[in-house]
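S.K.: The structure is given below, and queries will be raised subsequently.
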Amino acid sequence: MALDLSQIPVNATPFEQPLTHFARRLTDGQAKVVAIGSSTTAGEGGIAPYPQRLLADLRSKFPKAGIDVINRGVGGEEAPKELLRFKHDVFEQKPDLVIWQVGTNAVWQPADQNPPTFDETRRAISDGVDQLLVNGGIDVILMDLQYVPALLTSANVGKAIRMVETISDIAHKARINVFRRFELMRGWHEVAKISFDRMVDPGDDTRLHASDWTTDKMTWQLTDAIVAAVKKAQSS
């Protein structure tokens, strides 16, 4: 019998924190999400990016509210450059929820592309989270790295794991949520036995970017985590 890929037995780790501000704005009838990040957010290879899918998914889950999802992804960027865009691309949009996909390019980009150092990336993520929280009225989700062959080479895997742990530590200290994409995709591959050929964009020779299948399943997992965190906020 063929494997039913819609029923794979691996789910994202639930969010620890309620999405209080986003839940309140949904109750008011109008809520806005800003998604900032690199190619996963911007879109790559003609595959519809997750923010576009998230908009449709959230509207199906909260049909009584007007919901906007603004895509502020720029392919190839990392946290220090993204932080420079916060004023225009985040704060001026007046979001209720910010999803910041971060950390991949600092691990993957070769040295001749002058990627930010690990410490520069860590400081930028921490500073960005502080800015988002100080601004007030914004819930924050950090999205960590994808689990793909480009990040699992002998040269990159140690850095990737360290980055995932650093993002988790920053989020824990700030009491914000992490969408643990690395853990989720590792579960798909190691537990559900989904091949990288299924998980990675077949047109991407770098073996870095997610396939249409992965992007779709990941977005549904993200949606479900958001819904659960909204319910947690509404019940508290």
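S.K.: Once you have all Cα-Cα distances for the chain, histogram them in 5 Å bins from zero and send the whole-percent values.
M.R.: 1, 7, 15, 20, 21, 18, 11, 6, 2, 1, 0
S.K.: Further question: If exposed means no more than 11 neighbouring beta carbons inside 10 Å and the site is in a DSSP loop, what's the longest run of the chain without any exposed trypsin sites (Lys or Arg not before Pro)? Let's see the in-between values first.
M.R.: Numbers: sites that count: LYS64, ARG175, LYS193.
Answer from the scan: 65-174.
S.K.: What's the center-to-center distance, using Cα atoms, between the stretch 203-223 and the stretch 81-118 in Å?
M.R.: The stretch 203-223 and the stretch 81-118 have Cα centres spaced 19 Å from each other.
S.K.: Oh, and also: What list do you get for PHE182, PHE15 if you sort them by fewest beta carbons within 10 Å? Write down the numbers at each step before the final one.
M.R.: Values: PHE182 25, PHE15 22.
In increasing order of surrounding Cβ atoms, one gets PHE15, PHE182.
S.K.: Listing GLU165, GLU77 from the residue with the fewest other Cβ atoms within 10 Å to the one with the most, what is the order? Present the calculation step by step, with values, prior to reporting the outcome.
M.R.: Values: GLU165 12, GLU77 21.
Ascending Cβ contact count within 10 Å gives the list GLU165, GLU77.
S.K.: About its Cα centre, how strong a charge dipole does the stretch 11-235 have in debye, to the nearest 20, once Lys and Arg get +1 and Asp and Glu get -1 at the Cβ?
M.R.: Working: 27 positive and 29 negative charges, 155 e Å.
My answer is approximately 740 debye.
S.K.: Next question. For ALA65 and ASN156, what does the FRET efficiency come to when R0 = 35 Å and r is the distance between their Cβ atoms, rounded to the nearest 0.05? Let's see the in-between values first.
M.R.: On the way: r = 41 Å, r/R0 = 1.16.
Efficiency at R0 = 35 Å is approximately 0.30.
S.K.: Could you calculate the FRET efficiency of ASP205 with GLU120 from 1/(1 + (r/R0)^6), where r is the beta carbon distance between them and R0 is 30 Å, rounded to 0.05? Mind dumping the intermediate values first?
M.R.: Numbers: r = 28 Å, r/R0 = 0.93.
The value I calculate is 0.60.
S.K.: Rank ASN135, TRP108, LEU151 by how far each Cα sits towards the positive end of the charge dipole of the chain (+1 on Lys, Arg Cβ; -1 on Asp, Glu Cβ) and give me just the farthest.
M.R.: Farthest towards the positive pole: ASN135.
S.K.: In addition: For a 28 Å ceiling on Cα separation, which of these pairs sit above it: LYS94/LYS231; LYS64/LYS217; LYS81/LYS232; LYS32/LYS217; LYS32/LYS81; LYS159/LYS217? Kindly include the intermediate steps, with their values, before the conclusion.
M.R.: Details: LYS94/LYS231 23 Å; LYS64/LYS217 24 Å; LYS81/LYS232 34 Å; LYS32/LYS217 22 Å; LYS32/LYS81 23 Å; LYS159/LYS217 26 Å.
From the list (LYS94/LYS231; LYS64/LYS217; LYS81/LYS232; LYS32/LYS217; LYS32/LYS81; LYS159/LYS217), the Cα-Cα distance tops 28 Å for LYS81/LYS232.
S.K.: Just check the stretch 120-211 against the gyration tensor rule for me: Cα atoms, a ≥ b ≥ c as the square roots of the eigenvalues, rounded for a/c under 1.5, and otherwise prolate or oblate depending on whether a/b exceeds b/c.
M.R.: Working: a/c = 2.32, a/b = 2.01, b/c = 1.16.
Prolate, since a/c reaches 1.5 and a/b exceeds b/c.
S.K.: Among DSSP bridges having both ends in the chain, what percentage is antiparallel? Round to the nearest 5. Display every interim value, and only then the final one.
M.R.: Working: 2 of 22 bridges.
The antiparallel proportion sits near 10 percent.
S.K.: Could you work out how much longer the chain between ARG186 and SER236 gets when fully extended? Use 0.36 nm per residue separation minus the Cα distance between them, nm to one decimal.
M.R.: 14.7 nm
S.K.: Calculate the FRET efficiency for ARG24 and ASP224 from the Cβ-Cβ distance with a Förster distance of 22 Å, rounded to the nearest 0.05. Kindly include the intermediate steps, with their values, before the conclusion.
M.R.: Values: r = 20 Å, r/R0 = 0.92.
Once the sixth-power term is evaluated, E becomes 0.65.
S.K.: Another question, then. Could you line up GLU190, GLU120 from fewest to most neighbouring Cβ atoms inside 10 Å?
M.R.: Numbers: GLU190 11, GLU120 14.
Arranged by neighbour count, lowest to highest, GLU190, GLU120 become GLU190, GLU120.
Every number in this text was worked out from the coordinates using simple rules, so none of it is lab data. Since we're looking at a predicted model, the values are computed, not measured. Ideal geometry is used to build each Cβ from the backbone, glycine not excepted, and the neighbour counts take in all protein chains shown.
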